[in-house]
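The structure appears below as structure tokens.
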Amino acid sequence: MKMLESANHIIQTIEEAGGEAYIVGGAVRDMLLKREPGDYDLATSFLPDEVMRLFPVVIPTGLDHGTVTVVLDHIPFEVTTFRSESTYSDRRRPDEVTLGVSLEEDLTRRDFTINAMALKPAGLVDLFGGQDDLAAKIVRTVGRAEERFDEDALRMIRAFRFMSQLEFTLDQETEQAIKHQKQHLQSVAIERVAIEFEKLLLGPGREAALAAMLRTGIQQYMPHLNETIIKQLMALRFNGVSSDDVWTLVLVAGLRPEALRAWKRSKKQEGRAKTLAPLVQKETLSDWQRYRLSDEELEHLNEMTGRRHEERTSLPIRRLQDLTVNGRDMVELGLQKKQIKEALHHLERQVVHRQLDNQREILLKEVMSWKNQHGTESSTH
Ligand code: ATP
Ligand code: MG
């Protein structure tokens, strides 16, 4: 079954059991834009346990928020009970989620008109002019922008994210409200901001979205960003950048490497950014620079820059283990434990720099003379 058919099957099953269900949010927006949705989220009048009774494979993924995941043909569908959210005292998360409200209330809590439509085989529910805004390519909040950003400040970054992904413009009232409310972004968990910012940077409308950000000045409230960095991000050529590499570009644009910590990215993302950023501008790489990268990192660097650096297969060795000698040989030659690593790294550098051939006899001889030069100190102990 295709994904849409499966989603419709869930809707029908719920309707036959006496409930209401719709495809909601991003999937409706994408379908109306004739884009393939990444996933289909559903909203229903049924409570989680009623949904669970109707389908053979259901995972209770977020019961507190009324969400279960129905798995059909190995494809997961999030099915969430109609809900409203009240009193956002900390501007981060709703204090209270109320289940079992009407579809209208569920749609009212959503962020933008283009994200607040509901669809079922019998028709579309569009209470806030979402279709008009899609046609006019406008990102506009549901209800008064000031209030909506006051409830959840992350929505301000989401507005720029959708601008970039969809190449839409920002409604004037929405932009004004961001100017007034921008400082509240500081109280939002940085991980949530980072995820939206990554999507923004990967979108085709990045330049216009960043320009809009600058008009509001919101970058002041994003860790260690400033106008210069944003302008660089607008100017940089992005060539096939994946979500793993976004932060490399942010470093290239001028964010200090130490500042990345504040964004709480994964070890992998942070490591890759710090490794690749200094290499992005380089026309050619030395053997040692290529050696220090993984195959994957070199591939990403090529992708990002559009360059074709020589493959690592052309290096004399690709990893320490490729040396024709190993730690055991070092022990047999009488090296002390703490010298072994040092000696191997010495050989590694010599071989990668093509000063020595990776031949066992040659390397063993080199270790002996290295030991005579470096070994005296420890042998006196
Ligand atoms: P994508 O295709 O990138 O996943 P999406 O529209 O599905 O885009 P999500 O972040 O997955 O975006 O959110 C799903 C839906 O939930 C949104 O379309 C919107 O209706 C609602 N939503 C998400 N985050 C918020 C928020 N902070 N405030 C209000 N509504 C939100
Ligand atoms: Mg989504």
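The values are calculated or read from the model by the stated rules, or taken from the named source; none is laboratory data. Everything quoted here is computed from the prediction, not taken from an experiment. Quick reminder, even Gly has a Cβ in these numbers, built from the backbone with ideal geometry, and neighbours come from all protein chains shown. Ligands, DNA and RNA are excluded from the accessible area calculation, which covers all protein heavy atoms including side chains. Shrake-Rupley method; radii C 1.70, N 1.55, O 1.52, S 1.80 Å.
Which shape class, rounded, prolate or oblate, goes with the chain when its Cα gyration tensor gives a ≥ b ≥ c as root eigenvalues, a/c under 1.5 marks rounded, and past that a/b bigger than b/c marks prolate?
Judged from the Cα gyration tensor, the chain comes out prolate (a/c at least 1.5, a/b above b/c).
Charges at C-beta only: +1 for Lys and Arg, -1 for Asp and Glu. How large is the resulting dipole of region 260-331 about its Cα centre, in Debye rounded to 20? Write down the numbers at each step before the final one.
On the way: 16 positive and 12 negative charges, 105 e Å.
The dipole magnitude comes to about 500 debye.
Taking 0.36 nm per intervening residue step and subtracting the Cα-Cα distance, what contour gain separates Leu4 from Asp150 on full extension?
Working: separation 146, 0.36 × 146 = 52.56 nm, distance 3.51 nm.
Working it through step by step, the gained length comes to 49.0 nm.
Rounded to the nearest 0.05, what FRET efficiency do Ala262 and Met234 have when you use their Cβ-Cβ distance and R0 = 25 Å?
E(calc), rounded to 0.05, equals 0.70.
To the nearest 10 degrees, how steep is helix 190-202 against the longest Cα principal axis of the chain, on a 0 to 90 scale?
90 degrees
Could you order Met31, Met156 by accessible surface area, starting with the largest, using a probe radius of 1.4 Å?
Highest to lowest solvent-accessible surface, that is Met31, Met156.
Please give the per residue accessible area of the chain, computed with a probe of 1.4 Å over protein heavy atoms only, in Å².
Values: 19080 Å² over 381 residues.
Each residue of the chain exposes 50 Å² on average to a 1.4 Å probe.
At 222 nm, what helix-only mean residue ellipticity would the chain give, in deg cm²/dmol to the nearest 500, using -39500 (n - 2.57) for each DSSP H run of four or more? Mind dumping the intermediate values first?
On the way: 19 runs with 179 residues, N = 381.
It comes out at -13500 deg cm²/dmol, rounded to the nearest 500.
From the phi of every residue in region 300-307, what ³J(HN,Hα) in whole Hz does the Karplus formula 6.51 cos²θ - 1.76 cosθ + 1.60 yield, where θ is phi - 60° and glycine or proline is x?
In residue order, the calculated couplings are 5, 4, 4, 4, 5, 9, x, 8 Hz.
Rounded, prolate or oblate for region 321-379? Axes are the square roots of the Cα gyration tensor eigenvalues, ordered a ≥ b ≥ c, and the cut-off for rounded is a/c under 1.5.
The shape class here is prolate.
Suppose every K and R has +1 on its Cβ and every D and E has -1 on its Cβ; what is the size of the dipole of region 321-379 about the Cα centre, in Debye to the nearest 20?
Charge dipole, region 321-379, about its Cα centre: 120 debye, nearest 20.
Which whole-Hz couplings ³J(HN,Hα) result when phi for each residue of region 150-161 is put into the Karplus expression 6.51 cos²θ - 1.76 cosθ + 1.60, θ = phi - 60°, listed in order with x for Gly and Pro?
Rounded to whole hertz, the list is 5, 5, 8, 5, 4, 4, 5, 6, 4, 4, 5, 4.
Using only Cα atoms, find the angle between the long axis of helix 3-16 and the longest principal axis of the chain, and express it within 0 to 90 degrees, rounded to the nearest 10.
40 degrees
My understanding is that a pair violates if its Cα-Cα distance is over 30 Å; which of Lys137/Lys231; Lys282/Lys365; Lys34/Lys199; Lys231/Lys282; Lys34/Lys282; Lys182/Lys282 do that in this structure?
Lys282/Lys365; Lys34/Lys282; Lys182/Lys282
Relative contact order for the chain: what is it in percent, counting Cα pairs under 8 Å that are at least 6 residues apart?
Working: 574 pairs, mean separation 32.2, N = 381.
Across the chain, relative contact order equals 8 percent.
Run through the DSSP bridge list for region 1-136 and note the antiparallel percent, rounded to the nearest 5.
Close to 90 percent.
If I compute solvent accessible area with a 1.4 Å probe over the protein chains, what percent of it on region 321-379 is carbon and sulfur?
The value for region 321-379 is 46 percent carbon and sulfur by accessible area.
Springs between alpha-carbon atoms under 10 Å, Gaussian network over the chain: tell me which of Ala145, Ala135, Ala177 tops the mean-square fluctuations.
Looking only at Ala145, Ala135, Ala177, the biggest GNM fluctuation is shown by Ala135.
Give me the distance in nm between label points sitting 7 Å out from Cα along the Cα-to-Cβ direction at Arg215 and Ile317, one decimal.
5.8 nm
Taking a ≥ b ≥ c as the square roots of the Cα gyration tensor eigenvalues, with a/c under 1.5 meaning rounded and otherwise prolate when a/b beats b/c, else oblate, which class fits region 1-136? Mind showing how you got there, number by number?
On the way: a/c = 1.67, a/b = 1.07, b/c = 1.56.
Because a/c hits 1.5 or more and a/b fails to exceed b/c, region 1-136 counts as oblate.
Rounded to whole Å, give me the distance from the Cα center of region 281-341 to that of region 9-64.
Each part's Cα centre sits 50 Å from the other's.
Using +1 at the Cβ of each Lys and Arg and -1 at the Cβ of each Asp and Glu in the chain, identify which of Ala135, Ile59, Trp247 lies farthest towards the dipole's positive end.
Of Ala135, Ile59, Trp247, it is Trp247.
What whole number of Å gives the distance from the Cα centroid of region 136-159 to the Cα centroid of region 212-240?
With region 212-240 and region 136-159 each reduced to a Cα centre, they are spaced 20 Å.
From the phi of every residue in region 59-66, what ³J(HN,Hα) in whole Hz does the Karplus formula 6.51 cos²θ - 1.76 cosθ + 1.60 yield, where θ is phi - 60° and glycine or proline is x?
After applying 6.51 cos²θ - 1.76 cosθ + 1.60, I find 10, x, 7, x, 4, 4, 9, x Hz.
Longest span of the chain, sites excluded, free of trypsin sites (Lys or Arg not before Pro) in DSSP loop with at most 16 other C-beta atoms within 10 Å?
Free of exposed loop sites, the longest segment is 145-236.
Mind checking which of Ile317, Ile157, Ile229 has the largest fluctuation in a GNM of the chain, springs on alpha carbons under 10 Å?
Result: Ile317 has the largest fluctuation of those listed.
Pairing the Cα long axis of helix 337-352 with the longest principal axis of the chain, what angle in degrees results, from 0 to 90 and rounded to the nearest 10?
The helix 337-352 is inclined about 80 degrees to the chain.
Among Asp49, Asp322, Asp287, determine the one that fluctuates most according to a GNM of the chain built with springs between C-alpha atoms less than 10 Å apart.
Of Asp49, Asp322, Asp287, the most mobile in the Gaussian network model is Asp322.
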